[in-house]
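Structure first, then comments.
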Amino acid sequence: MIRHITCIRCPMGCYLTVRLEEGKEPDVFGNQCRLGVQYARTECTNPTRMLTSTVRLENARQLAMAPVKSAAPLPKHRVMECARALKNIRVRPPLRVSDIIVENICNTGVDIICTRDIADNNERAGMAFGQNNPTQKVRKRNEV
Amino acid sequence: MREIELVVIGGGPAGLAAAVAAWEEGVRDLLILEREESLGGILNQCIHNGFGLHMFKEELTGPEYAQRYIDQVHERNIPYLCGTMVLDLSPGRVVTAVNREGMLQLKAKSVVLAMGCRERPKGALNIPGDRPVGVYTAGTAQKFVNLDGYMPGRKVVILGSGDIGLIMARRMTLEGAEVSAVVELMPYSGGLTRNIVQCLDDYDIPLKLSHTVTRVVGRDRLEGVEVSAVDENRVPIAGSEEYIPCDTMLLSVGLLPENELSRAAAVELSPVTGGAVVGESLQTNIEGVFACGNVLHVHDLVDFVSEESAAAGRHAARYIHGAAWHAGDGVPVVAENGVRYTVPFQIHPGRVEESVDIRFRVENVYRGHCIAVYFDGERVFRRKARILTPGEMETVTLPRKVFESHPQTRKITVRIEKE
């Protein structure tokens, strides 16, 4: 079987032709470097993709959604299913980067993790967690 | 009025990197002013990955990349104010801002402009039709979906194949919308090949090159769009119209550096980049005022924004600590033969520290060409490039010794040449 794909390993975007035969390593043509061969082989035998999406925060105030990602690439054909599975999840702050939001999404063995620090009052999301932020002083003394 | 050594206008990736770099050079009397409620800038809504490959050798999402710099700001206790909008910057470097507490004015010794850019709005496009609900810029839709948790619509057509349009094609699909087509005026896409593959091909979303939207249909709510093919002069071809039903149209048709404050301060802007005309130190024509990031010229990779902005922060610190840098003059850097523009626009050889980064974009797609730099008539640099495209910003780094060995140079030229 012959497949055609565009390589994404560098901006050249080489148009690759891949010959797939039962039991043999795929043959790759049209690449201008080694990266293309490896990309084409993986893409034709076991394509994977990272999933990035959002999950709804309970008690949403200024920020309504927490950004999340799959901790590792998922099988490409299962990405939409995993994206749909996030629809009814609710999370509460405080949250930190890499907190696990959903373990083993859709039984893929891959967790969904948080990608942003979100403070527990969810108001001043840029403020540090419990740190004595020196801007407090400046805020209260806006001089005119 | 409070006097302050450094004000950084903007708390996105540019402002954060500049503030951290200035702090590292010893500046302690500084303040970042950010109009949104959080630091992080546009990265907060860029929840997809692909950021940080150069800077951190990792593939991060936008918020994660922002968090790396927000953490650096917190570690150093660099002061910042969120929810604070700068309304005016005077040529004398007086910053006027407003927030819930009231108004504040700061007389700054130095200012770093890091306000980023905004999208070309739908009004600029003059597409015939009524003005129904359902037409948004791609970035607005991205904010609605990723921060506010709203779906702008369910049946989508996207005008413009730049990266924001491609990313939103995928995002809307992942949230259950049907994206019927991405329509692109040019015969090529402005976005990364990786995005064409992972946002369009993966979801079987057609890319219609050399097409445009010629009519918007719908009175109260968008009902559909008329899409036409265009000829080599980008003029719609009569008879090629196709009607696509939809309830949402997203526009990804260009980014514009946001320089209202710069104009107020009488900063000289370039008509090509839309950003400030700067020298090797990223200083504008106003002494003590520096620019970096998307407000200077629109970038593709945030890693380069961070590099450029760290340089601006370092130079702002030098200026604060007494470097006598009068604005203007310097050897002009000329873009020609396929190079659309360069940043910086001029270089003072005596102010070059270790090296100078010249960043530029080409006007067309070039395969098998070279980047060449000339000092007057002599070529001092040449680099082969398998491919050069308008969608990928390039960098040439010139070391100090090149300037030392060519002391009387009157003109520096950056151009594209055949191999």
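The single condition among (1) closer than 30 Å to A:I2 by Cα; (2) touching a helix residue (DSSP H, G or I) at 6+ places or on another chain (Cβ under 7 Å) that A:C33 does not satisfy is (2).
Of the residues B:K143, B:K155, which is within 20 Å of the chain's Cα centre (by Cα) and either open to solvent by 50 Å² or more (accessible area, probe 1.4 Å) or among the β-branched types (V, I, T) (or both)?
Among B:K143, B:K155, only B:K143 is within 20 Å of the chain's Cα centre (by Cα) and either open to solvent by 50 Å² or more (accessible area, probe 1.4 Å) or among the β-branched types (V, I, T) (or both).
Only a single criterion out of (1) open to solvent by 40 Å² or more (accessible area, probe 1.4 Å); (2) touching a strand residue (DSSP E or B) at 6+ places or on another chain (Cβ under 6 Å); (3) of a type in the set (A, V, I, L, M) is not satisfied by B:L301, namely (2). Which one of these does A:I112 not meet: (1) in contact with a helix residue (DSSP H, G or I) (Cβ under 9 Å, 6 or more places away or on another chain); (2) modelled with pLDDT under 95; (3) more than 8 Å from chain B (Cβ to nearest Cβ)? Condition not satisfied by A:I112: (2).
Each residue in the range B:367-397 was checked for being within 14 Å of another protein chain (Cβ to nearest Cβ) and acidic (D, E), and 2 pass. Of all the listed residues (B:G102, B:G176), the sole one being within 11 Å of chain A (Cβ to nearest Cβ) and either open to solvent by 30 Å² or more (accessible area, probe 1.4 Å) or in contact with a helix residue (DSSP H, G or I) (Cβ under 6 Å, 6 or more places away or on another chain) (or both) is B:G176. Considered as a group, the residues in the range B:179-204 that are outside any strand (DSSP E or B), under 22 Å from B:I127 (Cα atoms) and small (G, A, S) include one that is nearest to the other protein chains (Cβ to nearest Cβ), and that residue is B:S189. In the range B:228-253, of all residues being under 29 Å from the mean Cα position of the chain (by Cα) and hydrophobic (A, V, I, L, M, F, W, C), the one that is surrounded by the most Cβ atoms within 10 Å (Cβ to Cβ) corresponds to B:L250. Of all residues in the range B:121-140, those being open to solvent by less than 40 Å² (accessible area, probe 1.4 Å) and part of a loop (DSSP other than H, G, I, E, B) number 3. Is there a residue being of a type outside the set (D, E), on the phi > 0 side of the Ramachandran plot, out of contact with any Lys or Arg (no Cβ under 7 Å at 6 or more places or on another chain) and open to solvent by 30 Å² or more (accessible area, probe 1.4 Å) anywhere in the range B:333-351? Checking the range B:333-351: not a single residue is of a type outside the set (D, E), on the phi > 0 side of the Ramachandran plot, out of contact with any Lys or Arg (no Cβ under 7 Å at 6 or more places or on another chain) and open to solvent by 30 Å² or more (accessible area, probe 1.4 Å). Can you list residue pairs whose Cβ atoms sit under 8 Å apart, with the first residue in the range B:11-28 being within 14 Å of another protein chain (Cβ to nearest Cβ) and the second being aromatic (F, W, Y) and surrounded by 20 or more Cβ atoms within 10 Å (Cβ to Cβ)? Count only pairs 6 or more apart in sequence or on different chains. Final answer for the pair search is B:G11/B:Y80; B:P13/B:Y65; B:P13/B:Y69; B:L16/B:Y69; B:A19/B:Y80. The selection criterion, being more than 24 Å from B:V305 (Cβ to Cβ) and either within 25 Å of the chain's Cα centre (by Cα) or crowded, with 19+ Cβ neighbours inside 10 Å (or both), does not hold for B:A385.
The values are calculated or read from the model by the stated rules, or taken from the named source; none is laboratory data. All figures in this text were calculated on a predicted structure; none of them were measured in a lab. Glycine gets a Cβ as well: all are built from the backbone with ideal geometry, and neighbour counts include every protein chain shown. In case anyone asks, the SASA skips ligands and DNA or RNA and just uses the protein heavy atoms, side chains included. Shrake-Rupley method; radii C 1.70, N 1.55, O 1.52, S 1.80 Å.
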